[in-house]
């Protein structure tokens, strides 16, 4: 008992510690704005499958999946079935922070099609989810529980060539969910650049 | 932004100009943030002898590359070697990393300079002359942004007979890298355990050493701990250091072994350098000790009867009651109950007392066994419930005991000294001694039969202080004694049983047969532990004991000393012949038989390997002496549907055989929160903790467990007979 209290205090005292959103647990609620300044909440998508993609164009791991067209293809393929939300938790002081206008242009250039692009500038949403890398992928099932938390695929590299032949965990999970099956791989280790929190 | 980028660039330029000689002397790849080169330990390589060659990365100021476990983000550096024919390359020897905090996250890596050493070995027949070494290296270099970079690096390394002098150009770099390699620590003891949400790693140096006060643990595996969470480091005496770290969420599966590096800037006693290689097997005793009290010198917390304890007590009571139905307990209790039936119309007070004495015998025996187990565990001996049966001598004695009981029930002889429960003309004191001994006997024979619920209850006790553990075991005993004690306390219940009569003699003789069967099974257990010869010894010994019993019974009216002498002689001869020799380790007989699962031998490494490869793994923690295990094997695991489903889904079946004591199995069970078998663990790909299937296994429970797995190939590809 005493030791549990001590541990709880120890974890509280860890400055700005990341929370987590492990698979199987309810997804943390969020309320942020998109690139156009429109408010977006998790509650808006009750009863729908939601995909969260942590994003930052300055990151070579993100670039791998956009240069290859991989991420846009997924956004397009699953666009009718799921709500695909890109999330940017980069802080304003970081060297790869982008303002709304150039970011919108860049998204257009790559033909990216998330349902919304969320600006999580203070990083509150990212910290609540424990997003560590760009990309870091989450799937939230229609009941509001985290169904997947982890990497986009199993080839940890920045090499565009590696997209082919990689096992895409998000595709596998979404297809299993669509078929009414439990997600066979609900947790993986995300890979990518560090999310630049404040 | 521009200032941010310029500063490292300027620093980098300055660094590059500082080392013009190196750049001229060897092919250097310069990228935006890194200067990379291949460096060699010596001026030439000797045929057949390894030579240390390193990939040296010099990072621009504040930029870093990564360790083998990069931490929260990042990628470890990779090297692909292209070597002359016959040359071989070893693994990268990673210098210990430094923690690199980035906001709320933490990475493990290197700043300034790192040399990743690899042992290259030319073939024994290598021809003297220049050899072209090429390395294709890829690294991720990050500051706040990350850049993936790569380079093809060449080194011309002469091959020459005789030992070459160190290469002065790179000696300093290589020596520095060598000094940063974690030291092997022979004679040190490493242990790990998981307690709630905490990973504990404990290291103990040999006699007389003084541990540092400050240290950091770097795990070799990702997703094991939260890298950024603060580590709690405690000195437990001068020789022992203990790390407590927050586990990743979800907690990792299969942590039978924790590997990593412990780094202390003040160094380690008796070891060179600042880093120690840690290989810490899971330890049940460490798990039992749990998470340390918060402050040094704090009074040990008094364990209240918390919800967990109450639940464990409830399960212990239930499990104890169920023990009565086990095939090895039932005959003994049958005899006891029959005694009551006979006495039912006698003195109810004496009957009640007898029942209570029986209960006391059971509870006391449980406490003695539990006390023995706790005492041995406290000394660091790895054992769990049922441990007695891991001793061939105990199995032999048990077989002899069961055999004698069976002969008695068959009517070959009657007890003369005590335990005359069948004859009512015994004095009161004798009856109480009998009741007590029956309780002891019932406990001794019950231990191999771990009833359902008991596994969880016994596992729970491990994490508890001794008084709570003993309370749980006492409750287990109360549960087991409960049905018989209830019959004794409420003789009205006995009236519902058939009246005594000739049927009792028949019933008694029938009860002998489960006991003979138990003897047969114990002989088989002994065979698994000590081999064929031991079984022959046991059987001949049993024949001798049968002769003794026959002499004793045949001349039971005789008061002649010869009767006792002959009996004693044959008993002694029997025990002498049956006594097992030192255990011969048996080769695991795990041949696949048609219609059965293709079992493979279990090891923690094998589980780690298979799960890392994404294979579903089923582990059967079993032992020859565990009856429930044998029943489950027949009923559930060798079921045709189960065998087929395993084959279709590519489930690898591993058998962890605990027939003889195996500390690795004890430790793994402890990590699963159990310390008795059967335990069935199913490791599914993508799930970090294994699923535990019920202890009384059914085919449908197994099938439900693996139902979510995809079918790999059509059923026709199966090797059906």
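For the reader, a short list of remarks on this structure follows.
- Peptide B:220-233 shows a mean partner chain C-beta count of 3 within 10 Å per residue C-beta.
- Using a simple spin-label model with pseudo-atoms 7 Å out from Cα toward Cβ, residue B:644 and residue A:121 lie 6.3 nm apart.
- Between residue A:108 and residue B:524, the distance separating the two model label sites (each 7 Å from Cα on the Cα→Cβ line) works out to 7.8 nm.
- Take each residue of peptide B:103-109, count the partner chain Cβ atoms within 10 Å of its Cβ, and average: the result is 6.
- Shielding score for B:553-564, defined as the mean number of other chain Cβ atoms within 10 Å: 0
- Separation between Cα centres of the stretch B:152-209 and the stretch A:124-153, rounded to whole Å: 37 Å
- Förster radius 45 Å - calculated FRET efficiency between residue B:466 and residue B:562, Cβ distance, rounded to 0.05: 0.35
- Rounded to 5, the percent of DSSP beta bridges in chain A classed as antiparallel: 60 percent
- A convex hull fitted around the alpha carbon atoms of the stretch B:245-285 yields 108 Å³ per residue.
- Computed packing ranks the peptides B:685-694, B:119-128 as B:685-694, B:119-128, most packed first, by mean other Cβ atoms within 10 Å.
- Once C-alpha pairs closer than 8 Å and six or more residues apart are averaged by separation and normalised to the residue number of chain A, the relative contact order reads 29 percent.
- Per-peptide packing, taken as the mean over residues of other Cβ atoms within 10 Å, places B:173-179, A:40-46, B:109-115 in the sequence B:109-115, B:173-179, A:40-46 from highest down.
- Only Cα pairs under 8 Å and 6+ residues apart enter the sum, and on that basis the relative contact order of the stretch A:53-123 stands at 42 percent.
- Per-residue ellipticity at 222 nm from helix content only, as computed over chain A with -39500 (n - 2.57) for each DSSP H run of at least four residues, stands at -7500 deg cm²/dmol.
None of the figures in this text is laboratory data; all of them are computed from the coordinates on show. All of these numbers come straight from a predicted model, not from anything done at the bench. Because the Cβ atoms are built from the backbone with ideal geometry, glycine has one as well, and the counts that use them run over all protein chains shown.
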